[in-house]
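Below: the structure, in structure tokens.
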Amino acid sequence: MNPITEDDIANYLANTPDFFTRHAQLLSEVQLTSPHGSRAVSLQERQAEMLREKIKALEHRLMDMVRHGNENVVIADRLHRWARNLFQVQSGRALPATISAEIKHQFMVPQVAIKVWDVDSRYGSEVFAEGVSEDARSFASSLTQPYCGVNSGFEAVNWLDDPAMAMSIALIPLREVASNSTGPAFGMLVLASPDPQRFQSGMGTDFLERIAELAGAALSRLRAK
């Protein structure tokens, strides 16, 4: 016969809920070692300790949820102020620079660059409309969501004032409001930080996508008709 294992005993107790009803005296006789020291505790005490640990873990989870909720409220408020300031820009030529400056200010991003192509001839000689290769345009159009991660030699990083300090970056394609995430991009935002953890691969991009939608809508008036 195969020897009885601990799993067999555990399965038996789990599937025989009336065992301790028939052997109630065991509940007071069983002695366990406390995880908080070497002293022996009763089964009831051990169950109470486990319950307290579960409650403490749930409290930590709740605190994390509240903290993340508060952080999202702060970001949403900054996004609101950023969008409001964009609505006040009357000059098309000033719009790209305003978008960059406000992102720096509202979201505390150390470096921001923006390029727009296929613009109206009135803006063709502006800095924001120059120096973009076909490869960079194709790359922007290939992004279905913002890229976040390390700088892997992207051309767009060279649009920044100090590319060497771009330890982590976010590349945000700009599209027409009516287009979907696979439509051709007509611009790209570059956000960069010297902190390698600021823009991480796999991070949530919901707010970056909102920035892309608002910036794309604002900049669409610069496009060639």
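What follows is calculated from the coordinates using simple rules that are stated; it is not laboratory data. Here the structure is a predicted model, which means the values were calculated and not measured. Don't worry about glycine lacking a Cβ; one is built from the backbone with ideal geometry, like all the others, and counts go over all protein chains shown.
A viscosity of 1.306 mPa s and a temperature of 10 °C, combined with the Kirkwood radius over C-alpha pairs in the Stokes-Einstein formula, give the chain a diffusion coefficient of 72 µm²/s.
Considering only Ala14, Ala48, Pro194, and ranking their Cα positions along the charge dipole of the chain that arises from unit charges at the beta-carbon of Lys, Arg, Asp and Glu, the one farthest toward the positive end is Pro194. Placing dummy labels 7 Å off each Cα toward the beta-carbon, the span from Asn70 to Ala217 is 3.0 nm. Relative to the current alpha-carbon distance between Thr5 and Gln88, full extension at 0.36 nm per residue lengthens the span by 22.5 nm. Bridgeable aspartates and glutamates around Lys104 (alpha carbons under 17 Å apart, same-chain partners fewer than 8 residues away excluded): Asp77, Asp161, Asp162, Asp195, Glu209.
Spin-label model, Ala164/Met63: points 7 Å from Cα along the beta carbon direction are separated by 4.3 nm. Of the residues Met108, Asn158, Ala170, the one whose Cα sits farthest towards the positive end of the charge dipole of the chain is Met108 (charges of +1 on Lys and Arg Cβ, -1 on Asp and Glu Cβ, taken about the Cα centre).
Listed by number, the DSSP H helices of the chain that run 30 Å or longer by alpha-carbon position along their axis and have mean Kyte hydropathy of at least -1.0 are 43-87. FRET efficiency for the pair Phe107 and Val177, taken as 1/(1 + (r/R0)^6) with r the Cβ-Cβ distance and R0 = 22 Å, rounds to 0.55. Here the relative contact order of the range 159-221, from alpha carbon pairs under 8 Å that lie six or more residues apart, stands at 39 percent. A simple packing score, the average count of other Cβ atoms within 10 Å per residue, orders the peptides 198-210, 49-61 as 198-210, 49-61, with the highest score first.
From most to least packed by mean Cβ count within 10 Å, the peptides 9-22, 75-88 give 75-88, 9-22.
Once you reduce the range 186-225 and the range 92-154 to the center of their Cα atoms, the two points are 8 Å from each other. Note on Asp77 and Ser133: the model spin-label points, each 7 Å out from Cα along the C-beta direction, lie 4.4 nm apart.
Under the convention that each Lys and Arg Cβ holds +1 and each Asp and Glu Cβ holds -1, the size of the dipole of the chain around its Cα centre is about 800 debye.
Potential lengthening of the chain between Met203 and Lys54 amounts to 50.8 nm, from the contour at 0.36 nm per residue minus the alpha-carbon distance. If R0 equals 45 Å, the separation of the Cβ atoms of Arg22 and Ser141 corresponds to a calculated FRET efficiency of about 0.05. Starting from the coordinates of the alpha-carbon atoms of the range 48-175, obtain the Kirkwood hydrodynamic radius over all distinct pairs and give the value in Å to one decimal. After inverting the mean inverse Cα-Cα distance, the result is 17.7 Å.
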